[in-house]
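K.L.:
Below is the structure I would like to discuss, written out as C-alpha cells.
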Amino acid sequence: MNEPVISLEKVSVTFQRGMVWRRQRVHAVVNVSLDIHEGEVVALVGESGCGKTTLGRVIVGLQPPTSGRVLYYGQDVRQLRGEAAREYRRSVQIVHQDSYAALNPVRTIYQSLSAAFFRYRMVRNRREAREKVAELLETMGLTPAGDFIDKYPHQLSGGQRQRVVLARAVALRPRLIVADEPVSMVDVSLRLSILDLMRSLNERFGIAFLYITHDLATARYFVRTGRIAVMYLGQVVEIGNLQRVLAQPRHPYLQALLSAVPVPDPKRARHMKPLPLRTLDLPDPTQPPSGCRFHPRCPYAEEICGTEEPPLVTLANGHRVACHLVDKVPEWVLS
C-alpha cells in the first residue's frame, strides 16, 4: 500500500473543565494510532461523545494533541514550517457537520469559495476567480452556477449549503478530507446524493476521506471496500475491512451496536436478539473505568477486563481488536 497521508501515533487529547479548585479531566482521545493512505476511504464510527470529532480536529490541525504525534507523509506536523506547513494546511481539509455555521453569513458563495484561490495565488484577478468558482459549483452539482454564485448561505437549502462546504474543501485539491457527520443535518432524501458526490470526488481526484459518523448504514454505503475504525470512550476498539468487520464483529461493543440496528427483513429480524448489556448507562468520561473501558457494560467481562487495558491485537482475518476475551467471545455473524 502507498505511503500514508496522515499517521497518528498514540495520540491522546485531554480537556480540563470546572473551576480551578475543582478541575476535572476529560480524556477525549486515548492512545489512538491510525494510518490513512492516499485515496483511501476510512469510516470512524462510535456513539456521540466517544471522541470522533476531537480526533478529526487533531488530524486537520485544529486541536493539538496532549501527547503522541500526527505525521503528514512521515513529518511531524508540529515541526512543519514555511512551505511545508502551507502544503499541509492546503492538503488536509475538513467538512463540518453544520453547514450553516461553517459558512460566513455575510459573505456570498463567491466570496467564501474564492478566498482560497486568492490566498494560494491560484488566480490573477476577479474574472478568473469567478470562472473557477463557477466550475467548482458545477462539479458539486449546483447548476447553473449563476443561480448560486452570488447568493448568501441563508438563501440556500441545507443540502445546497453542504455542497458549498464540500466545494470549499475540494477547491485546493486536497489529499485528505475529514468529513465530520456531513449528512446528519441533511434531509434523508438528499443524503445518498451527498455520499455519491463524495464517492465520485474520491474516484475522480483520488482524495482520501475520513468519514466520521455514528450511522453504520451510511458508513456501509459510502466506505464499501474501505476500512472502519470503531471508537468507544476515546479508544479504538476494532479496526479492519468494513465489510468483514460488519459481517463478523469481534468486539462486544460493535456486536451490541449491530444487534440494536433494525433489520428490514422480518425473517432475519425474528432470529436476531439484542446483546444483553449489563447496563445501558455510559461511564463518566471524567472517571473512566480501569482496564477495558467497556467492561462495566460487557456481558462477557471477566476479572482481567477490570484490571488490565487490552491492547489492539491482529487476528487471522486481519481485524485488529482490543479485547482480552476475543478468543472466548461468541462470534456474532450477520447472516
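Every number here is computed from the coordinates shown, using simple stated rules; none is lab data. Computed from a predicted model, the values in this text were never measured in an experiment. Glycine gets a Cβ as well: all are built from the backbone with ideal geometry, and neighbour counts include every protein chain shown.
K.L.:
Take the Cα coordinates of the chain, assign each an equal point scatterer, and use the Debye formula without solvent to give log10 I(q)/I(0) at q = 0.16 Å⁻¹.
P.N.:
-1.40
K.L.:
May I pose another question? Once every DSSP H run of n ≥ 4 in the chain is given -39500 (n - 2.57) and the sum is divided by its residues, what mean residue ellipticity at 222 nm do you get, rounded to the nearest 500 deg cm²/dmol? Show your work: numbers first, answer last.
P.N.:
On the way: 11 runs with 107 residues, N = 335.
Computed ellipticity for the chain at 222 nm equals -9500 deg cm²/dmol.
K.L.:
Compute the acute angle (0 to 90°) between the alpha-carbon long axis of helix 109-119 and the principal axis of greatest extent of the alpha-carbon atoms of the chain; round to the nearest 10°.
P.N.:
Once rounded, the angle reads 90 degrees.
K.L.:
Under the rule a/c < 1.5 gives rounded, and otherwise a/b versus b/c splits prolate from oblate, where does region 133-211 land using the Cα gyration tensor?
P.N.:
Values: a/c = 1.81, a/b = 1.22, b/c = 1.49.
Note, shape of region 133-211 comes out oblate.
K.L.:
Roughly how tilted is helix 82-91, in degrees to the nearest 10 and between 0 and 90, from the longest Cα axis of the chain?
P.N.:
Tilt relative to the chain: about 80 degrees.
K.L.:
Work out how far the C-alpha atoms of region 1-107 reach from end to end along every principal axis, then list the three figures in whole Å, largest first.
P.N.:
47, 40, 32
K.L.:
How high is the relative contact order of region 1-108? Use alpha-carbon pairs under 8 Å, at least six apart in sequence, and give a whole percent. Each step should come with its number before you reach the end.
P.N.:
Details: 143 pairs, mean separation 32.2, N = 108.
Reported relative contact order: 30 percent.
K.L.:
What shape does region 273-331 have by the C-alpha gyration tensor, where a ≥ b ≥ c are the square roots of the eigenvalues, rounded means a/c under 1.5, and otherwise prolate means a/b greater than b/c and oblate the rest? Don't skip to the end; give the middle numbers.
P.N.:
On the way: a/c = 1.96, a/b = 1.32, b/c = 1.48.
Oblate, because a/c is 1.5 or more while a/b does not exceed b/c.
K.L.:
Quick one: net charge of Gln287's neighbours, Cβ under 12 Å, K/R +1, D/E -1? Before the final figure, lay out the partial values.
P.N.:
On the way: positive: Arg25, Arg293; negative: Asp284.
Its environment carries a net charge of +1.
K.L.:
Here's something else I'd like to know. May I ask for the Rg/Rh ratio of region 90-196, computed from Cα atoms with Rh as the Kirkwood radius, given to two decimals? Don't jump to the answer; show the numbers that get you there.
P.N.:
Details: Rg = 13.0 Å, Rh = 13.9 Å.
Rg/Rh for region 90-196 comes to 0.94.
K.L.:
Something else: Please give the peptides 316-325, 178-187 ranked by average Cβ packing (other Cβ atoms within 10 Å per residue), highest first, as a rough proxy for protection. Walk me through the numbers on the way to the answer.
P.N.:
Working: 316-325: 17.8, 178-187: 21.5.
Top to bottom by mean Cβ count within 10 Å: 178-187, 316-325.
K.L.:
Could you tell me what percent of the DSSP beta bridges with both partners in the chain are antiparallel, to the nearest 5? Spell out each step's value before the answer.
P.N.:
Numbers: 27 of 45 bridges.
Approximately 60 percent, going by the DSSP bridge assignments.
K.L.:
Most fluctuating residue of Val261, Val164, Val230 in a GNM of the chain with Cα springs under 10 Å: which is it?
P.N.:
Among Val261, Val164, Val230, the largest mean-square fluctuation in the Gaussian network model of the chain belongs to Val261.
K.L.:
Continuing with this model, one more query. When the chain is treated as a GNM, springs tying every alpha-carbon pair under 10 Å, which of Glu83, Glu47, Glu38 comes out with the largest mean-square fluctuation?
P.N.:
Glu83
K.L.:
While we're here: Explain nothing, just the number: relative contact order of the chain, from Cα pairs under 8 Å at least 6 residues apart, as a whole percent. Before the final figure, lay out the partial values.
P.N.:
Working: 589 pairs, mean separation 64.8, N = 335.
Across the chain, relative contact order equals 19 percent.
K.L.:
Number of Lys-Lys pairs in the chain under 28 Å by Cα, sequence gap 8 or more or different chains?
P.N.:
5
K.L.:
Considering only DSSP states other than H, G, I, E and B, which GluC sites (Glu not before Pro) in region 282-327 qualify as loop sites with at most 16 other Cβ atoms within 10 Å?
P.N.:
Numbers: sites: Glu302, Glu303, Glu308; in loops: Glu302, Glu308.
Counting only loop positions with at most 16 other Cβ atoms within 10 Å, the GluC sites (Glu not before Pro) in region 282-327 are Glu302, Glu308.
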